[in-house]
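Visitor: Below are the structure tokens for one structure; questions will follow.
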Amino acid sequence: MLITELSSGPFFDRLFTVRHIYGHRRLREDDKMAASLRLGRQGILFSLRLSHFHKCVRATQPWQEHVRHFFQSQWSLGVSPLKVQMPALSPTMEEGNIVKWLKKEGEAVTVGDALCEIETDKAVVTMESNDDGILAKILMEEGSRSVRLGTLIALMVEEGQDWKQVEIPPPDVAAPLATQAAQFVPSAAPSPPPPPRPATSAVLRLSPAARHILDTHGLDPNLAKPTGPRGLVTKEDALNLLKTAPAPKASQSMDAPTAPSPVPTPTVTPPPPGIRPNTPPLSVPGKPGAPGTFTELPASNIRRVIAQRLTQSKTTIPHAYASIDCDMAAVMQLRKDLAKEQIKVSVNDFIIKAAAVTLKEMPEVNVTWSGDGPCALDSIHISVAVATDKGLITPIIKDAANKGVQEISDNAKALAQKARDGKLLPEEYQGGSFSISNLGMFGISGFSAVINPPQACILAIGTSRAELRLCEDTQTLRTQQLMTVTLSSDGRLVDDELASRFLDKFRANLEQPQRMALP
């Protein structure tokens, strides 16, 4: 009797033992049934293949080669899949959301076909297929959120293969989760010995407010649990110590260490009058919130990236601000003249053109900051801030200095609509050199915008207003339509003198539109 044990494949639930009794011409029926029951859903196919397996064993070649050939065939194993993973659809993308699948399981797919729509940190982008084949299995359904880059989202098979027999690989997510849990376990294990008290007693750091509270109530600073950076005892730490250790008992005598025995008082923890809790309690969804409660709202990928970029900008870029008033009378008159010829353009289109022409005249402002220092840009691409339901995004008017106002207007309208629909392509919002944010349509007279790194400047546009000004030539009063613009500049690249010259030239171009060489 010859007994052989074979390793389990992807579809085998346990080890299977093939028994071949020398001299018998076929396996018994109960052996076939046992094999079918052990192999689970592949049992039926395996039973049909047993007769072919028996012939392979009795062939002239070594029987081990036939066994290996049998278990590597597509009869016993599933179809090898083509993996479809979450791609990086923008430079800052770390995860994405599956918005909609455009193909169904079993449908044929060719290179370039749209597979699904993915919400990135910037917009909703259509993911295209890189292979020909059949979509066999969708692993991440519509609505899946926070899918990390490289995560398996679908499986494909080659043309001619049975897509229903595709191999579904084991989830790789379990491994990182297990490793993360294993990493956190040792860190939690050493936590029980929390007597790092000697370290704090060596160098004790107190905030001024904490020192005042501890000195006033006669509390030992070494009993406070520091929660501030680098072991700093904060005001909250001193207040917590004040709650648990009453001041009178501690100040009456030094030889009364029995006073701290009634320390079960922290269970009550009555807050001192005038002290509010650090964090209010969470409100229950569906019920009216009590005063001081709040409800956590899920943040979209775009909102999270906006928060990260704004924090990065304000903490790493030295912002400098300069403002100037521009007379919009010439632009208003030119708009009316163009409207008579059925050419509709907005004030913002003239502002984009004026900024691009000014950058062309002053290339030292058309720069960005990299890790090694300033980088001069060869192209002038103006990023225009557009407000959407999901957040602020900045589509780009490319080569704006060489375009006319009407062409800029057409491009801006098309990009703004695509931004609101979430249909912007990555190349339509990446690579700008200068940003413009206009809040004039909301009645904002003036504001300061946050620089969009790695750019050096952003121009904030307010609304136009009528003001009486003294005309120096005629010494008479006349009404002017003034608009305040504020330039936020990176102090590492654009100093105050350069920013002032830029604003002065920008005003000249805007107040004299003929200087911008309108087509």
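The values are calculated or read from the model by the stated rules, or taken from the named source; none is laboratory data. None of these values were measured; they are calculated from a predicted model. Neighbour counts run over all protein chains shown; Cβ positions are idealised from the backbone, glycine included. Accessible surface areas use protein heavy atoms only, side chains included; no ligands, DNA or RNA. Shrake-Rupley method; radii C 1.70, N 1.55, O 1.52, S 1.80 Å.
Visitor: In whole angstrom, how far apart do the alpha carbon centroids of segment 103-124 and segment 373-442 sit?
Guide: Result: 26 Å between the Cα centres.
Visitor: Here is a follow-up. Please work out the FRET efficiency for the pair residue 336 and residue 364, using the Cβ-Cβ distance as r and a Förster radius of 35 Å; give the result to the nearest 0.05.
Guide: 0.45
Visitor: Another question about this same structure. Which one of 441, 484, 514 has its Cα pushed farthest toward the positive end of the charge dipole of segment 373-519, where Lys and Arg give +1 and Asp and Glu give -1 at the Cβ?
Guide: Value computed over the given set: 441.
Visitor: How much length is gained on full extension from residue 410 to residue 296, taking 0.36 nm per residue of separation minus their Cα-Cα distance?
Guide: Residue separation times 0.36 nm, minus the Cα-Cα distance, leaves 37.0 nm.
Visitor: Let me ask you something else. Would you mind computing, in nm to one decimal, how far apart the modelled labels at residue 442 and residue 85 are, each placed 7 Å from Cα along Cα→Cβ?
Guide: Modelled inter-label distance: 4.1 nm.
Visitor: Also, I was wondering about something else. Any idea of residue 349's accessible area? Nearest 10 Å², probe 1.4 Å.
Guide: Rounded to the nearest 10, that gives 10 Å².
Visitor: What is the extension gain from residue 475 to residue 319, computed as 0.36 nm multiplied by their sequence separation minus the C-alpha to C-alpha distance, in nm to one decimal?
Guide: 52.3 nm
Visitor: About the Cα centre of segment 390-477, how large is the charge dipole given +1 on each Lys and Arg Cβ and -1 on each Asp and Glu Cβ? Please answer in debye to the nearest 20.
Guide: The dipole of segment 390-477 has a size of about 380 debye.
Visitor: Right, another one. Between residue 495 and residue 165, what's the calculated FRET efficiency when r is the beta-carbon distance and R0 is 51 Å? Round to 0.05.
Guide: Efficiency, rounded to the nearest 0.05: 0.15.
Visitor: How high is the FRET efficiency from residue 514 to residue 209, r the C-beta distance, R0 51 Å, rounded to 0.05?
Guide: Between residue 514 and residue 209 the formula returns 0.25.
Visitor: Separate question: Using Cα-Cα distances under 8 Å and only pairs 6 or more residues apart, what relative contact order does segment 329-488 have, in percent?
Guide: 19
Visitor: For segment 291-406, take every pair of Cα atoms, bin their distances at 5 Å starting from 0, and report each bin as a whole percent.
Guide: 2, 8, 12, 15, 18, 16, 11, 7, 5, 3, 2, 0
Visitor: Is the C-alpha gyration tensor of segment 360-467 telling us rounded, prolate or oblate? Criteria: a/c under 1.5 is rounded; beyond that, a/b larger than b/c is prolate, otherwise oblate.
Guide: rounded
Visitor: Would you kindly find the accessible area of residue 361, with a 1.4 Å probe and non-protein molecules such as ligands, DNA and RNA excluded, rounding to the nearest 10 Å²?
Guide: Per-residue accessible area (residue 361): approximately 80 Å².
Visitor: Here's another thing I want to ask about it. If I model a spin label at residue 465 and residue 312 as a point 7 Å from the Cα along the Cα→Cβ vector, what separation in nanometres do I get?
Guide: 3.6
Visitor: Beyond a 28 Å Cα-Cα separation, which of these cross-linked pairs lie in this structure: 83/423; 314/403; 103/390; 100/164; 360/390?
Guide: 314/403; 360/390
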